[in-house]
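The structure appears below as structure tokens.
Just so it is clear, none of the values below were taken in a lab; they were calculated from the coordinates. Keep in mind that what you see is a predicted model, and the values were worked out from it rather than measured. We place every Cβ from the backbone using ideal geometry, glycine too, and count neighbours over all the protein chains shown.
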Amino acid sequence: MAKCDEGYICEVCGEDVAEITDSDLYLRYVVGMVDPETLHTTRERHIRCNPALGQFIVDDAFEAVNCTGPFDKRDLDPEFVRQREDLITRGWRRLGEVVKHRLPIVDYPLPEVARRNQIATDST
Ligand SMILES: [Zn+2]
């Protein structure tokens, strides 16, 4: 894994993003917030270093992240928060699955995101 030396450094804290389940970039890819085309040019971050997104992971296996400031989910619309928590939590669990099953990167996204990517590819 020589690429670790240069490619997967968190732009917030400067530490290695060692596990895919710590990766903000791959989490956003899985839930459709990062285009497959821009995946390799987007900077990497730890999920914990991006609390605005990390706060939406609600899972006993994930140590909760608090986001203070304007993006604190406690100040956001409850219905929006509910949808976000559902999507981001499923995305985070999906990262665990892709590691376990060693899936190819094209198969990482959640089913509804994969369908959307497919449509986007077909129309170009
Ligand atoms: Zn970091």
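Ellipticity at 222 nm from helices only: DSSP H runs of n ≥ 4 in the chain, each -39500 (n - 2.57), divided by the residue count, give -12000 deg cm²/dmol. With a cut-off of 13 Å between beta carbons, the residues surrounding GLN83 carry a summed charge of -1, where Lys and Arg count +1 and Asp and Glu -1.
About its Cα centre, region 4-108 has a charge dipole of approximately 300 debye under the convention of +1 per Lys or Arg Cβ and -1 per Asp or Glu Cβ, with nothing else charged. Largest GNM mean-square fluctuation across GLU112, GLU15, GLU37, computed for the chain with C-alpha springs under 10 Å, falls on GLU37. Put simply, the amide H of SER23, placed in the peptide plane, has neighbours under 5 Å in ILE47, leaving out anything fewer than 5 places away on its chain. Over the chain, the reciprocal of the mean inverse Cα-Cα separation, the Kirkwood hydrodynamic radius, stands at 15.2 Å. In the elastic network of the chain, a GNM with C-alpha springs shorter than 10 Å, the most mobile of ALA61, ALA114, ALA52 is ALA61. With one equal scatterer per alpha carbon and no solvent term, the Debye-computed log10 I(q)/I(0) for region 32-91 at 0.12, 0.19, 0.21, 0.28 1/Å reads -0.32, -0.77, -0.90, -1.22.
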